[in-house]
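Read through the structure below, which is laid out as structure tokens, and then see the notes.
The values are calculated or read from the model by the stated rules, or taken from the named source; none is laboratory data. Owing to the predicted nature of the structure, the values given are computational and were not obtained by experimental measurement. Cβ coordinates were reconstructed from backbone atoms using ideal geometry, including for glycine residues, and neighbour counts include every protein chain displayed.
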């Protein structure tokens, strides 16, 4: 499955540790998500996304196998759901999935760094 990562999993050390695959960070490819904005997940230090037609989120796309996907899903927890979306890469549009919390959980007035 192709994932769009936009927060803590962009850190190569975090991604390697949480996925259980030390080589996974080397497979990250730059990707942009049009029409969304990165904000804080209310009450946490973590990000989520909210729809915003005027915004773009810079992140990365990566293909994760079943074992890595299971570990990453556990890391993301129940606050997030897998959402299908299309990201832009240097090679063109790519269908991916991202962990995004419900809009009611987003602190839309607080951009995440």
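Points worth noting:
- Segment 61-73, subset under 12 Å from the mean Cα position of the chain (by Cα) and in a helix (DSSP H, G or I), residue surrounded by the fewest Cβ atoms within 10 Å (Cβ to Cβ): 73
- Failed condition for residue 93, given (1) more than 25 Å from residue 110 (Cβ to Cβ); (2) within 14 Å of the chain's Cα centre (by Cα); (3) surrounded by fewer than 14 Cβ atoms within 10 Å (Cβ to Cβ): (2)
- Residue check for residue 7: crowded, with 20+ Cβ neighbours inside 10 Å, at pLDDT 95 or above and either closer than 21 Å to residue 92 by Cα or in contact with a strand residue (DSSP E or B) (Cβ under 6 Å, 6 or more places away or on another chain) (or both): yes
- Residue in segment 74-84 that is in contact (Cβ under 8 Å) with a residue 24 or more places away in the chain, in a helix (DSSP H, G or I) and touching a helix residue (DSSP H, G or I) at 6+ places or on another chain (Cβ under 6 Å) present: yes
- Taking the numbered list (1) farther than 17 Å from residue 3 by Cα; (2) free of Cβ contacts under 8 Å to residues at least 40 places away in the same chain; (3) part of a strand (DSSP E or B) in turn, residue 45 passes all entries but (3).
- Subset of segment 22-42 (residues that are without any contact (Cβ under 8 Å) to a residue 60 or more places away in the chain and either surrounded by 19 or more Cβ atoms within 10 Å (Cβ to Cβ) or touching a strand residue (DSSP E or B) at 6+ places or on another chain (Cβ under 9 Å) (or both)): 24, 25, 27, 28, 32, 34, 35, 36
- From the list 51, 58, the lone residue that is touching a strand residue (DSSP E or B) at 6+ places or on another chain (Cβ under 9 Å), under 19 Å from residue 113 (Cβ atoms) and exposed (fewer than 15 other Cβ atoms within 10 Å of the Cβ) is 58.
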